[in-house]
Amino acid sequence: MFSFSVAKQDKLARVGRIETSHGAIDTPYLVPVATSASVRTLDSFDLKKLGAQCVLANTYHLFLRPGDTVVKKLGGLHTFMDFQGPIFTDSGGFQTFSLGLGREHNINKLGFFPEGKRSEQKQKTLARVTDAGVHFQSIYDGSRHLLNPKSSMRIQRNLGGDIIMAFDECTSPLSDYDYTKKAMERTHRWALESLRYHDRKQALYGIIQGGWWKDLRDASTKFITDLPFEGIAIGGSLGHSKKDMHAILDRLVPQLDERPRHLLGIGEIDDIFECVARGVDTFDCVMPTRIARRGNLYIHPESGGRVSNKFRINIKSGKYKDDGKPIDPHCGCPTCRSVSRAYLRHLYSINELSYYRLATLHNLHFMLSLMGQIRESIKSGTFVKLKRKWLKG
């Protein structure tokens, strides 16, 4: 079972609903990432209390540990991780970049180059791409594996996700035109194979590639949208800056039909607003949970959050040592209702494990609450006003 409907639009921004056999997703929505069948530091009870509608799990990591056949034997991801809402799974295509050209080009994330940080030291490439698929070396034990459309669809079938991704090649921001074109064409062939091998009970999204070149993105958009995918995902490098990403979406999204649109790996607050404004329905990003573990906690504009500070405070700062206020007085999360900034700084400074759960609860609640505000603003025709409130200055 899979369907998508749009209930209301405010210019290009739209409110919709994805229906699956495991429940609904109200869009726009930022999908929490549960890489190894777990949102780090949280359990299924936490996710229920937060009202998380869905999660996204990682094909590559679960294939290696504990193994997709183990997950299948134990009832699939919904039973394995005790989460009964819709589950997305990616295809493993992102690891083509992160373990391949990402290491070769010294880029530790896709991000926006040169805004994305570069590693000081080159790392050994652990992924080699051929037309037959991607030859991986496991990051866990060094064992070697081939991932291709057929095996990716088999793994995702065993995992039992509701919404799955076609196998693709995610290129680097530093890949040149010729390589990006070759990778795009390979992704198109793999899209056809993914359609051939996927379980029809699962909704399959095709992935548009083409880097930041207009003609390649146009070609990929036409190819992918002409195929019978249930949804459309936008992946790969989106240029060298956020302005490049905006330009790509301004050109690409009007070419799409009414199927749901997913933007892979994007999740900063300003990006959410800018991309929702351009018609994107769902996102996935590790940012909210990852930065929480590193001491960065979200705050609202009324509490001093701005684009310049990325709407966050760094709890490691000494100025919070005796600060008795909650992280954000405008937040109603369990953490803000119960403990102070000083306590969280104390927990972080002594490496107390409870810090990571409390911080993650806050950041995830903050983002899910923001997505709810965005949906309501689109319904009421006040999205532009809300966007201006958050992104001013």
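Each value in this text was obtained by applying a stated rule to the coordinates, not by laboratory testing. Since this is a predicted model, take the numbers as computed values, not measurements. When we count neighbours, we look across all protein chains shown, and the Cβ atoms used for this are built from the backbone with ideal geometry, even at glycine.
Using only DSSP helix segments of four residues or longer, with each worth -39500 (n - 2.57), what per-residue ellipticity at 222 nm results for the chain after dividing by its residue count and rounding to 500?
Calculated mean residue ellipticity at 222 nm is -11000 deg cm²/dmol.
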FRET efficiency (LYS222, GLN373; Cβ distance; R0 30 Å; to 0.05) is 0.30
Taking the dipole of region 313-393 about the Cα centre (Lys, Arg +1; Asp, Glu -1; charges at Cβ), the one of GLN373, TYR343, HIS330 that reaches farthest to the positive side is GLN373
Filtered hits (lysines, Cα-Cα < 18 Å from LYS222, offset >= 8 within chain) -> LYS181, LYS182, LYS214
Cross-link reach from LYS73 to lysines, straight Cα distance under 30 Å and at least 8 residues apart if same chain, gives LYS48, LYS49, LYS150, LYS201
Within region 294-387, pairs of Lys residues whose Cα atoms are less than 27 angstrom apart, provided they are eight or more positions apart or on distinct chains, add up to 9
Residue span LYS316 to LEU391: 0.36 nm per residue of separation minus Cα-Cα distance leaves a gain in nm of 24.5 nm
Sparse-neighbourhood loop hits (chymotrypsin sites (Phe, Trp or Tyr not before Pro), region 122-200; DSSP loop; Cβ within 10 Å at most 11 others) -> TYR140
Quick shape check on region 267-393: root eigenvalues a ≥ b ≥ c of the Cα gyration tensor, a/c under 1.5 is rounded, otherwise prolate if a/b tops b/c, else oblate, and it reads prolate
Contour minus Cα-Cα span, ARG144 to ARG293, at 0.36 nm per residue, comes to 50.5 nm
Highest GNM mean-square fluctuation among LYS72, LYS319, LYS222, for the chain with Cα springs under 10 Å, belongs to LYS319
Using alpha-carbon positions, the gyration tensor of the chain gives root eigenvalues a ≥ b ≥ c; with a/c under 1.5 called rounded, otherwise prolate if a/b exceeds b/c, else oblate, the class is rounded
Here FRET efficiency (C-beta to C-beta, ASP199 to ALA24, R₀ 22 Å, nearest 0.05) is 0.60
Reduced to Cα centres, the span from region 40-59 to region 143-166 in Å works out to 21 Å
Once ASP178 and ASP131 are pulled to full extension, the length gained, defined as 0.36 nm per residue separation minus their Cα-Cα distance, is 15.4 nm
Candidates VAL253, VAL55, VAL31; GNM for the chain (alpha-carbon contacts under 10 Å) flags as most fluctuating VAL253
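Would you work out the charge dipole size for the chain about its Cα centre, treating the Cβ of every Lys and Arg as +1 and the Cβ of every Asp and Glu as -1, and quote it to the nearest 20 debye?
840 debye
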Placing each pseudo-label 7 Å from Cα in the direction of the beta carbon, VAL70 and ASP257 end up separated by a distance in nanometres of 4.1 nm
Nearest-0.05 FRET efficiency for ARG337 and THR79 at R0 = 35 Å, using Cβ-Cβ distance, is 0.65
